[in-house]
1. At A156 and N128, where each label point lies 7 Å from the Cα along Cα→Cβ, what is the point-to-point distance in nanometres?
2. Go through 204-212, 37-45, 128-136, 85-93 and give me the packing order, highest mean Cβ count within 10 Å leading.
3. So what's the gap between the Cα centers of the range 19-87 and the range 122-201, to the nearest angstrom?
4. Let a ≥ b ≥ c be the square roots of the eigenvalues of the Cα gyration tensor of the range 60-120; is it rounded (a/c under 1.5), or, if not, prolate (a/b larger than b/c) or oblate?
5. Given Cβ point charges of +1 (Lys, Arg) and -1 (Asp, Glu) and nothing else, what value in debye, to the nearest 20, does the dipole of the chain about its Cα centre take?
6. Note down the nm distance, to one decimal, between modelled labels 7 Å out along Cα→Cβ at H114 and at S220.
7. Residue separation times 0.36 nm, minus the C-alpha to C-alpha distance between R140 and R166: what's the value?
8. For the chain, modelled as a Gaussian network with Cα springs under 10 Å, which listed residue fluctuates most, T172, T95, T65?
Amino acid sequence: MMLRRLIACTTLAARLLSAPAGLCAAPLSGTLFVVDPGHGTRTVDGRPLNLGAVGRHGIAESLVTLAVGEDLARLLRQAGAHVVLTRSYTKPWRTGRLVRLDNRARAALANRLHATAFVALHADASRNRKAHGTSVFWLRSNSVRLAAAMRAHLRALDLGESQFRRRNLAVTSEARVPAVLIELGFISNPFQERLLATPAFQQRAALVLYAALADVYARS
Ligand SMILES: [Zn+2]
């Protein structure tokens, strides 16, 4: 039975026989996601170019986004998706000349690969230490559904919401495929910084992002 379900999820012919929703072993097979852990870019000669924010306790945004990105990639792959990470544990640093061009290149990769969707991961920062909450940004209309799903699932993190709106950013304007930029909370808020640093929270955040992607792109 299990084998049949596996087959049912991986071949077109069996797909037409329709695997029962929720029982499919690979609900995201046939999809490809570009997951972009924000920042982590150096110049060719090794100078820091785009390091991201660092919290008062020394937690670096670029490490948080990398951990959540890797966790998210693992969940997506387990569900049968192909995942391309713009940074990974094996290659944590990107090389670039200009921040904006490097950010555009991340989204351009998703376009080139005809990705199902592009997900950029960040953590927010503000001079106001009390600023808190998650944010979802998108630009094109093909991203609205994904943005709404992200917003709905991010509520489970209980961090509150900072922003949810269309926004012309390097990655959202470059991306032609559905694209969202997620701020996972404020690294400048001491409470949220501590949370963002814990593997348990990072895994929970990845699960929430996965649930949103599965909501929109899993086979029903
Ligand atoms: Zn950032």
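1. Label at A156, label at N128, 2.9 nm between them.
2. Numbers: 204-212: 21.8, 37-45: 19.4, 128-136: 17.4, 85-93: 15.1.
In descending order of packing, they fall as 204-212, 37-45, 128-136, 85-93.
3. When both Cα centres are located, 14 Å separates them.
4. Details: a/c = 2.30, a/b = 1.22, b/c = 1.89.
It comes out oblate by the Cα gyration axes.
5. Values: 30 positive and 13 negative charges, 73 e Å.
It works out to roughly 360 debye.
6. 2.4 nm
7. Working: separation 26, 0.36 × 26 = 9.36 nm, distance 0.78 nm.
Residue separation times 0.36 nm, minus the Cα-Cα distance, leaves 8.6 nm.
8. T95
Only the coordinates and a few stated rules stand behind these numbers; no lab work does. Quick caveat: nothing in here was measured; it's all calculated off a predicted structure. Reconstructed Cβ throughout: ideal geometry from the backbone, glycine too, with neighbour counts over all protein chains shown.
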